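> Here you go, one structure.
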Amino acid sequence: MAGGENLKRILDQICRDKGIDRTLLVDAIEEAVRSAVRKKYGGRRDIEVQFNEELGEIEVFQYRTVVEEVWDEDEEISIEEARLLDPEVELEDDLGEKMENIADLGRIAAQSAKQVIIHRMRDAEREVVYEMYRDREGSVVNGIVQRFERGNMIINLGRTDAALPRDGQIPKRSFKQGDRIRAYLLEVKQDARDSQLILSRTCNEFLVKLFEMEVPEIAEGVVKIMGAAREPGFRAKIAVSSIESDVDPVGACVGMKGSRVQNVVQELQGERIDIVPWSPDPAKYVYNALAPADVTMVIVDEDQHSLLVVVPDDQLSLAIGRQGQNVRLASRLLSWRIDVKSEQRYENLGNPGYKSLLAVTGMSEPLADKFMGAGIYSSVKLAEADLGKIMELSGVDEDQAAAMKLQAAEIVPPEDAAEDLFAESAEAPEVEVPETPENNPEVAPSEESETVEADGNAVVDAEQHDDSETAPGNSLAADPEDS
């Protein structure tokens, strides 16, 4: 084998560089040599391999039984030959003989030894990585982008590499090889063929950890993040509260001139962040969460875990947000179903004629609004309407329009206009939203209505925050599970 001092030096260097226990490495080398010897001489021999620390060498001994007459040279040795090695040996003794020239084991045997060493070292390295990082699961780690593999980003953390999967990367935000990057350590696997460390930059926990790092009040426990919801790369909402009355949780997270929230936004590469005050009252909480839109009224259905939110007609697109983003994030933040309606839609829902229109199969609220706008105020009017007009308003063919007319003729509008909006919760309480400077100039501004956008500025009005790209209509429902 390799010279004693040379092998010792190699062992010491590997243990130092890889952090592997020396005993494990010695065991791996002994196993590799044992495998190579058996490849060379066959598996029937009784072989013992050990590392001589004094000489710094791997020694291989072959054990054979002392007999009068040899029938199997792999397992037996004659008494005469044995006594040349050990004069005191007796019959039936097991005699160990040191094998010479084991360095020349042949190409196949050497390759086998190499594979065994590599396999054992990988196992040892995996164990070292697991022990090193298992207590850091759920924390933010720093690294350098090493390479890209099948959409995954491989991050060098110093002692080892970690994988940032495609679904953990913020969309449309690119990193180059050699860039520094921060990510949330999502999972530490003990046994894994590929990467043991799985990172994420899209999970809600990453956003929470970034605020913990930027805001001392959160790290100290004075300010608490009560919830977070994200659409990575686009927009996020966090709800905060304070255990001390003289500490403003929103202001603490924003920082002086928006410095703290700006640092988080930069790390998330421009993701807009709304910081809203948390409240145990779902009506007040949803009022805060839907900011900057004004809310006229909230109806709470505790049993169904849903909220009906009424907003001014000109605030509907703002409350819903671009492609429903604002109300969707608010729904995830509260873990409640939120149904946003305009004041006009809410008023219509109390109209018996409007309800009779909705009773027609295939009729939706936006379509009922169209009919109302065209002077068709009830199912009776729909039954009397011109077939061509129905086709024009609804976009259906003649057969479908005729079916709508026929069904409408059979529906009698309810006389009770006060029928409840929630079918399963007729006694759902109606909660008026607290007065604000926007709906009552005499009310002093409240910090609890503050919403902070990505630019760090508080109280963004409708003109600054125009999300008018919302799909047409004057209502939208969002579930917490919506993605």
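> Return the pairs, sorted by first residue and then second, in which the second residue is basic (K, R), the first residue lies in region 283-302 and is under 17 Å from E343 (Cα atoms), the beta carbons are less than 9 Å apart, and the residues are 6+ apart or on different chains.
V298/K284
> Follow-up question, since we're still on this one. Looking only at region 309-318, which residues are surrounded by 24 or more Cβ atoms within 10 Å (Cβ to Cβ) and not hydrophobic (A, V, I, L, M, F, W, C)?
S317 - this is the single residue of region 309-318 that is surrounded by 24 or more Cβ atoms within 10 Å (Cβ to Cβ) and not hydrophobic (A, V, I, L, M, F, W, C).
> Of the residues K284, K341, K370, only one is among the charged types (D, E, K, R) and farther than 25 Å from E231 by Cβ; which?
K370
> Do we find that V261 is assigned to a strand (DSSP E or B) and more than 18 Å from C203 (Cβ to Cβ) in this structure?
No, not satisfied.
> Given the conditions (1) loosely packed, with under 15 Cβ neighbours inside 10 Å; (2) polar (S, T, N, Q); (3) modelled with pLDDT of 70 or more, report the number of the one that Q111 does not fulfil.
(3)
> Here's a follow-up. Which of the following residues is of a type outside the set (K, R) and in contact with a Lys or Arg (Cβ under 7 Å, 6 or more places away or on another chain): A163, A183?
A183
> Which of the following residues is out of contact with any strand residue (DSSP E or B) (no Cβ under 9 Å at 6 or more places or on another chain) and at pLDDT 90 or above: R230, R260?
Result of the check over R230, R260: R260.
> What number of residues in region 163-209 are among the aromatic types (F, W, Y) and in a strand (DSSP E or B)?
Selection size over region 163-209: 1.
> Next question. How many residues are hydroxyl-bearing (S, T, Y) and either touching a helix residue (DSSP H, G or I) at 6+ places or on another chain (Cβ under 8 Å) or surrounded by fewer than 19 Cβ atoms within 10 Å (Cβ to Cβ) (or both) if we restrict to region 324-337?
Final tally of qualifying residues: 1.
> Take D104 and tell me if it is loosely packed, with under 12 Cβ neighbours inside 10 Å, modelled with pLDDT of 75 or more and either in a helix (DSSP H, G or I) or of a type outside the set (A, V, I, L, M, F, W, C) (or both).
It is false that D104 is loosely packed, with under 12 Cβ neighbours inside 10 Å, modelled with pLDDT of 75 or more and either in a helix (DSSP H, G or I) or of a type outside the set (A, V, I, L, M, F, W, C) (or both).
> Just to verify a result, which residue in region 253-280, among those that are over 20 Å from L333 (Cα atoms) and not polar (S, T, N, Q), is surrounded by the most Cβ atoms within 10 Å (Cβ to Cβ)?
The selected residue is R260.
> Could you tell me whether G321 is surrounded by 18 or more Cβ atoms within 10 Å (Cβ to Cβ) and of a type outside the set (A, V, I, L, M)?
Considered against the rule, which asks whether it is surrounded by 18 or more Cβ atoms within 10 Å (Cβ to Cβ) and of a type outside the set (A, V, I, L, M), G321 comes out as yes.
> Is at least one residue of region 235-244 touching a strand residue (DSSP E or B) at 6+ places or on another chain (Cβ under 8 Å), modelled with pLDDT under 95 and outside any strand (DSSP E or B)?
Yes - at least one qualifying residue is present in region 235-244.
> Is region 118-130 home to any residue that is at pLDDT 75 or above, crowded, with 16+ Cβ neighbours inside 10 Å and under 27 Å from F234 (Cα atoms)?
The answer is no, given that none of the residues of region 118-130 is at pLDDT 75 or above, crowded, with 16+ Cβ neighbours inside 10 Å and under 27 Å from F234 (Cα atoms).
> Also: Tell me whether region 218-227 contains one or more residues that are touching a Ser or Thr at 6+ places or on another chain (Cβ under 9 Å), in the same structural domain as N326 (by TED's automatic domain parsing) and crowded, with 21+ Cβ neighbours inside 10 Å.
Scanning region 218-227, I find at least one residue that is touching a Ser or Thr at 6+ places or on another chain (Cβ under 9 Å), in the same structural domain as N326 (by TED's automatic domain parsing) and crowded, with 21+ Cβ neighbours inside 10 Å, so the answer is yes.
> Continuing with this model, one more query. Taking the condition assigned to a strand (DSSP E or B) and more than 17 Å from the chain's Cα centre (by Cα), does V250 pass?
No; evaluated as a whole, the condition is false for this residue.
> Between residues in region 311-338 that are over 13 Å from V298 (Cβ atoms) and residues that are assigned to a helix (DSSP H, G or I) and among the basic types (K, R), which pairs lie under 6 Å by C-beta distance while being six or more apart or on different chains?
Between residues of region 311-338 that are over 13 Å from V298 (Cβ atoms) and residues that are assigned to a helix (DSSP H, G or I) and among the basic types (K, R), there is no close pair.
> When the residues of region 212-247 are filtered to those that are free of Cβ contacts under 8 Å to residues at least 40 places away in the same chain and of a type in the set (G, A, S), which remaining residue is farthest from L333 (Cα to Cα)?
Step by step, filter region 212-247, then rank; the result is S245.
The values are calculated or read from the model by the stated rules, or taken from the named source; none is laboratory data. All figures in this text were calculated on a predicted structure; none of them were measured in a lab. Backbone-built Cβ (ideal geometry, glycine too); neighbour counts: all protein chains shown.
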